[in-house]
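Below is one structure, written out as structure tokens; comments come after it.
The values are calculated or read from the model by the stated rules, or taken from the named source; none is laboratory data. The shown structure was predicted, so the numbers you read here are calculated from the model rather than taken from an experiment. Please note: Cβ atoms are built from the backbone with ideal geometry, for glycine as well, and neighbour counts cover all protein chains shown. The area values use the complete protein model at the heavy-atom level, side chains included, leaving out ligands, DNA and RNA. Shrake-Rupley method; radii C 1.70, N 1.55, O 1.52, S 1.80 Å.
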Amino acid sequence: MSTPTPAAAHTSVLVINSGSSSIKYQLVIPDTHEVLASGLVERIGEPVGAVKHVAHGETTRRELPVTDHAEGLRVVLGLFDEIGPDLGQAHVAAVGHRVVQGGARYSGPALVDEDVVRDIDELSPLAPLHNPPNLTGIRVARELLPDVPHVAVFDTAFFRDLPAAAATYAVDTEVATTHQVRRYGAHGTSHQYVSHKVARLLGRPVEELNTIVLHLGNGASASAVRGGRAVETSMGMTPLEGLVMGTRSGDLDPAVLFHLYRNAGFSVDDLDDLLNRRSGIKGLSGVNDFRELHDLVEQGDAAARLALDVYLHRLRKYIGAYYAVLGRLDVIAFTAGVGENDDIVRAGALAGLEALGIEVDLGRNAGRKSEPTVISPDGARVTVLVVPTNEELAIARQALEVVGAGRA
Ligand code: ADP
């Protein structure tokens with residue numbers, strides 16, 4: 001048995017993000033933001049899986065076969081038992097599950113019951129890579145942790161109430177309605193967290209602020225948030241639309257698909273693979289990590305330079321468009337792996353927008369930011385910030401709200 005942690009006097013939430021061959025988890029205290037443990041099970045279903053558990057400032061790594069998600073979660077619970085912290089003493093009030101697609105049904109988190117399980121299952125055609133593993137994680141966790149309430153937190157929820165003009169594709173209404181073709185967005189937990197955090201950081205009521213959030217990670221999305229509510233976002237029916245991403249194309253003329261299908265022998269699966277995994281920065285430059293991209297640019301690699309230019313051009317286009325959608329802009333917030341760490345991308349995306357009141361102070365912008373940081377000059381019309389996202393904390397808070405757990 002492990003030693004109980006002193007912080008375990010507070011209510012905690014176990015956050016689970018279940019992917020196709022991985023389980024990410026975090027045991028977090030929403031009140032204090034303290035992370036009691038975190039970890040990752042990878043290569044589920046392969047001959048040898050990898051497990052990493054971080055607790056009490058120490059990292060434990062194991063390599064062992066993990067046949068399926070049930071086995072993966074059993075291994076995780078075993079590590080909590082063996083290394084700690086002791087879940088029995090951590091006052092776990094809820095398990096919060098990240099679910100990618102909540103469709104038109106969910107505008108907030110939901111206590112998992114049989115209806116919610118069925119809904120997530122039924123929405124799988126809209127997120128075939130994500131909802132099935134998310135659901136497997138929920139099923140397995142409910143079996144192994146039956147005494148704790150489970151809450152589904154949807155990536156689409158923040159965008160559920162986008163204005164119809166922003167959510168609707170201009171295609172035949174009957175086809176769109178029958179097949180649920182509309183814009184759902186994604187990364188909503190992050191966009192909501194960052195846009196609301198910005199208000200707290202600036203000491204302004206969120207109702208007063210018009211904000212553009214740029215979530216730039218491996219996947220990337222932009223949102224326009226008016227008074228705390230999303231009015232536009234760049235991801236669409238799936239996370240393929242919008243900005244240029246690590247390996248995804250973002251926007252392109254749909255006729256490119258007809259062309260490659262009819263004239264170049266691409267199957268539907270080939271097209272899926274092309275646009276989701278062989279496009280974006282990787283498709284243009286051969287690498288998808290921005291650190292490698294910048295190295296190539298410095299070495300004079302023309303393809304890498306073009307990839308960066310295409311990426312920045314798309315970003316700038318969206319910023320201008322969302323400025324127009326909002327009518328007035330108070331804040332631009334950068335977040336996620338690239339947004340938090342890459343000063344070249346931040347400065348490049350906003351270069352030349354001074355006439356719109358958007359400026360970057362190059363000294364303030366320099367370097368990686370692990371804390372919220374204003375990077376615009378004092379007195380600028382638009383405040384530009386870097387705000388590290390924390391999706392696990394946001395999921396934990398939402399889960400607690402749903403179960404109505406009292407404060408310790
Ligand atoms: P996701 O959650 O979408 O997988 P992240 O938000 O973790 O992605 O972002 C990962 C990306 O962040 C990496 O692919 C890399 O391009 C970028 N990144 C991470 N660290 C840095 C850094 N120091 N400088 C530039 N880019 C970075």
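May I ask what percent, to the nearest 5, of DSSP beta bridges between residues of the chain are antiparallel? Could you put the intermediate results ahead of the total?
Details: 41 of 60 bridges.
Taking every DSSP beta bridge with both residues in the chain, the antiparallel ones total about 70 percent.
Sequentially through segment 204-217, phi angles give Karplus couplings (6.51, -1.76, 1.60; θ = phi - 60°) of 10, x, 4, 4, 8, 9, 10, 10, 10, 9, 10, 8, 10, x Hz, Gly and Pro residues having no value and appearing as x. Rounded to whole numbers, the Karplus 3J(HN,Hα) couplings from phi for segment 353-365 are 9, 4, 4, 8, x, 9, 9, 10, 8, 5, x, 5, 6 Hz, using 6.51 cos²θ - 1.76 cosθ + 1.60 with θ = phi - 60°, and x at Gly and Pro. Using the Cβ-Cβ distance between Ala355 and Val268 with R0 set to 56 Å, the FRET efficiency works out to roughly 0.80. Taking all protein chains together and a 1.4 Å probe, the residues Leu111, Leu36 rank Leu111, Leu36 from largest to smallest accessible area.
Rounded to the nearest 20 debye, the dipole size of the chain about its Cα centre is 680 debye, using +1 on the Cβ of Lys and Arg and -1 on the Cβ of Asp and Glu. Since only Gly339, Asn288, Leu329 are under comparison, the one whose Cα sits farthest along the positive direction of the charge dipole of segment 269-408, derived from C-beta charges on Lys, Arg, Asp and Glu, is Leu329. Here the simple spin-label model places points 7 Å from the Cα toward Cβ, and for Glu207 and Glu401 these points are separated by 1.6 nm. If R0 is 56 Å, the Cβ-Cβ spacing of Glu298 and Glu174 corresponds to a FRET efficiency of close to 0.60. Annotation: amide H of Asp361 within the under-5 Å range of Ser376, sequence separation 5 or more or interchain, hydrogens built in the peptide plane. Compute the length gained on full extension between Ile344 and Asp113: take 0.36 nm times their separation in residues and subtract their Cα-Cα distance, giving the result in nm to one decimal. In short, 78.6 nm is gained.
Using 0.36 nm per residue, how much length does the chain from Tyr261 to Thr60 gain when fully extended, once their Cα-Cα distance is taken away? Show your work: numbers first, answer last.
Working: separation 201, 0.36 × 201 = 72.36 nm, distance 4.77 nm.
Here the segment from Tyr261 to Thr60 would lengthen by 67.6 nm.
Of all DSSP beta bridges located in segment 6-161, what percent are antiparallel, nearest 5?
Working: 28 of 38 bridges.
Taking every DSSP beta bridge with both residues in segment 6-161, the antiparallel ones total about 75 percent.
PRE reach from Leu129 (point 7 Å along Cα→Cβ): which of segment 244-277 fall under 16 Å by backbone N? Backbone N within reach: 244-252, 268-277.
Can you check how the C-alpha radius of gyration of the chain compares to 2.2 N^0.38 Å, as a plain ratio? Don't skip to the answer; put the middle values down first.
Numbers: Rg = 21.6 Å, N = 408, 2.2 N^0.38 = 21.6 Å.
Dividing the Cα Rg of the chain by 2.2 N^0.38 Å gives 1.00.
Grouping the Cα pair distances of segment 204-391 into 5 Å bins from zero gives a pair-distance distribution of 1, 8, 15, 19, 19, 15, 10, 6, 3, 1, 0, 0 percent in increasing distance order.
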